[in-house]
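To start, the structure under review is shown below, and the notes come after it.
The values are calculated or read from the model by the stated rules, or taken from the named source; none is laboratory data. Everything numeric here is computed off the predicted structure, so don't read it as measured data. No Cβ is skipped: glycine too gets one built from the backbone with ideal geometry, and neighbour counts run over all protein chains shown. We work out accessible area using only protein heavy atoms, side chains counted, and drop any ligands, DNA or RNA first. Shrake-Rupley method; radii C 1.70, N 1.55, O 1.52, S 1.80 Å.
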Amino acid sequence: MEATEPSTTEDRRQRKARQTRNALATAAVDLILERGLAATTVEAIAERADVTRRTFSRLFAGKEDAALDFVRGDGDRINALLRERPAAEPPLLAYRRAVRDWLADRDDPAWHLRPRMRRLLALLDSEPALFAAYERIRVDAQEDSVRILTDRLGPDEVRDEVRDGIPDVRAAVVVDAAAGVLTAALRIWARGGSGHDSAAEDLAALVERAYDALTREAASAVSYDTPEK
């Protein structure tokens with residue numbers, strides 16, 4: 001009998017772990033939408049996913065993190081696309097186009113566009129614990145984005161303080177602005193869902209309009225030259 005290749009065994013383990021994580025995340029979303037956040041327990045999520053409570057705790061800090069795992073996954077995908085953008089592309093445009101490519105992927109659609117996610121996002125306004133989990137995940141993704149953009153900047157554009165672990169100002173400002181536009185568009189989109197899953201307004205188009213609004217406002221601020229009194 002031939003020995004199993006280590007890489008094959010590792011791939012199988014990773015695939016199993018990913019399946020378990022997705023099963024728990026799906027169960028968390030289903031139960032929260034069915035019963036409400038307060039009535040949903042970790043034990044019920046684990047039972048729905050057919051795993052132990054211990055397995056749940058190994059993967060997630062709580063039910064809110066499990067339900068919003070798709071947000072973390074989409075953040076990772078946006079950052080992966082950001083790493084692939086041309087080096088000469090301005091940082092804000094690079095982030096915008098990474099988001100565009102994420103939303104345009106029809107082979108592996110963004111989790112935000114999948115059934116029920118719009119309804120879950122709409123709960124952020126009424127569930128403080130869910131909102132807090134969303135913010136933690138969003139901040140983690142943005143910190144990664146800042147590191148990616150800092151690496152893209154030439155040595156003449158990065159301040160000496162960055163070497164001491166302080167974020168580069170340009171990269172941090174671009175990420176806060178660009179990610180803030182995306183977050184605002186997502187919140188508007190979620191609130192317009194009227195409790196159903198059909199995207200009455202295309203999210204990609206809304207995101208593009210939001211980025212257009214940011215660039216127009218920035219251009220207006222630059223062109224508006226008022227002498228100081």
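Key figures
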| read-out | value |
| --- | --- |
| Residues of the stretch 120-134 classified as exposed (fewer than 14 other Cβ atoms within 10 Å of the Cβ), at pLDDT below 95 and part of a helix (DSSP H, G or I), total | 1 |
| Only listed residue being without any contact (Cβ under 8 Å) to a residue 24 or more places away in the chain, more than 22 Å from Asp140 (Cα to Cα) and basic (Lys, Arg), chosen from Arg13, Arg18 | Arg13 |
| Residue satisfying condition, being under 30 Å from Leu153 (Cα atoms) and touching a residue at least 12 places away in the same chain (Cβ under 8 Å), within set Ile78, Ile32 | Ile78 |
| Set Arg13, Arg72, Arg54, Arg18: member being modelled with pLDDT of 95 or more, open to solvent by 40 Å² or more (accessible area, probe 1.4 Å), assigned to a helix (DSSP H, G or I) and not hydrophobic (A, V, I, L, M, F, W, C) | Arg54 |
| Flag for Asp101 being of a type in the set (D, E, K, R) and open to solvent by less than 10 Å² (accessible area, probe 1.4 Å) | no |
| Scope the stretch 104-119; condition over 29 Å from Glu64 (Cβ atoms) and surrounded by 15 or more Cβ atoms within 10 Å (Cβ to Cβ); matching residues | none |
| Flag for Leu37 being assigned to a helix (DSSP H, G or I) and not small (Gly, Ala, Ser) | no |
| Residue ID - surrounded by the fewest Cβ atoms within 10 Å (Cβ to Cβ), chosen from residues in the stretch 78-98 that are among the small types (Gly, Ala, Ser) and within 15 Å of the chain's Cα centre (by Cα) | Ala80 |
